[in-house]
Amino acid sequence: MPAERLQKIIAAAGVASRRKSEALITAGRVLVNGQMVTELGTKADPEQDHIRVDGKLLQGPERYTYVVLNKPKGYVTTVSDEKKRPTVMDLLQNVKGQKVKGRVYPVGRLDWASEGLLLMTNDGALANALMKASSNVAKTYVVKVAGQPDEAKLDKLRCGVSIAEKGGRRVRTAPAKIRLIREGDNPWLEVTIIEGRNRQVRKMFEEVGHHVEKIRRVQYGPLTLDVPPGDWRNLTLVEVVKLKTAASGPKLTLPPPTPTPLYAMRASSTRRSVRPSRSTVQSSKRPGTPKSRAPKH
């Protein structure tokens, strides 16, 4: 393997970012074959040289990890929270011998009160591609709203509405796909969008006079929510390939709606005592998706 810059090797091993790795080198905390290295231009071969950071031997490049999590209400989508609130990282702790491998982080956000499918990974290139506005990766939500929006209001949302962003600037949303999935005084709707603006679905319905009482993301590109609230699983190799394909180019039309799975419709946010078996990224076998069930008011 050709020699590479030390800071790149350290960052690839998941020890720290490239910039922080440079600081570790200049601080004299890195040894190569027993010799302290402080010069940033130094190169090494991670397969041949023994590289230690703070005395710990590097184990080679960090492998990419891809996790789908069913986020319950009451967790913030961040790696750490200055207010000491529960974060989605708390849901990835070692449970019954199962632990997420690698330092993963959330792709995009679901706010504190929102639930559902959250992708987490340490693949920075894929995360950036998915979050770019030009990727147009479809995201589907089931939404319970206060009151009954008529067809005129739904058509307005389907065509796009003006919503306020942080700072007061107003932007127009892209066309959305909306269909009724449960009638009632406070109906449930399925909403598919191709953007990821902050609290976008909530703001869209506020613009037509309806407050969103509950919201759950049930699909993200090719991924469908299929684990209980608070649980997670690794993506299969096939799912990773499909996700990268979805992020690679513009999509001009929204996909047809898919049946809403059981965990998408369930309002409970408590964790189940028995965890389902997980497929690893090396497996080509994807867990089955439960049948649909209507939500309870």
Exercise. About its Cα centre, what dipole magnitude does the stretch 97-156 give when the only charges are +1 on Lys and Arg Cβ and -1 on Asp and Glu Cβ, stated in debye to the nearest 20?
Worked result: 360
For this session: Return the whole-Å distance between the Cα centroid of the stretch 153-220 and the Cα centroid of the stretch 15-33.
Result: 46
Seminar exercise, completed: Checked the stretch 112-229 against the a/c 1.5 cut and the a/b vs b/c comparison, axes a ≥ b ≥ c from its Cα gyration tensor; verdict oblate
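Taking square-rooted eigenvalues a ≥ b ≥ c of the alpha carbon gyration tensor, is the stretch 4-57 rounded, prolate or oblate, where a/c under 1.5 means rounded and, failing that, a/b exceeding b/c means prolate?
Verdict is rounded for the stretch 4-57.
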Seminar exercise, completed: Scoring the stretch 4-57 by relative contact order with C-alpha pairs under 8 Å, at least six apart, yields a percentage of 36
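Just so you know, all these numbers are worked out from the coordinates, no wet-lab data involved. Predicted model only: the values in this text are computed from it and were never measured. Cβ coordinates were reconstructed from backbone atoms using ideal geometry, including for glycine residues, and neighbour counts include every protein chain displayed.
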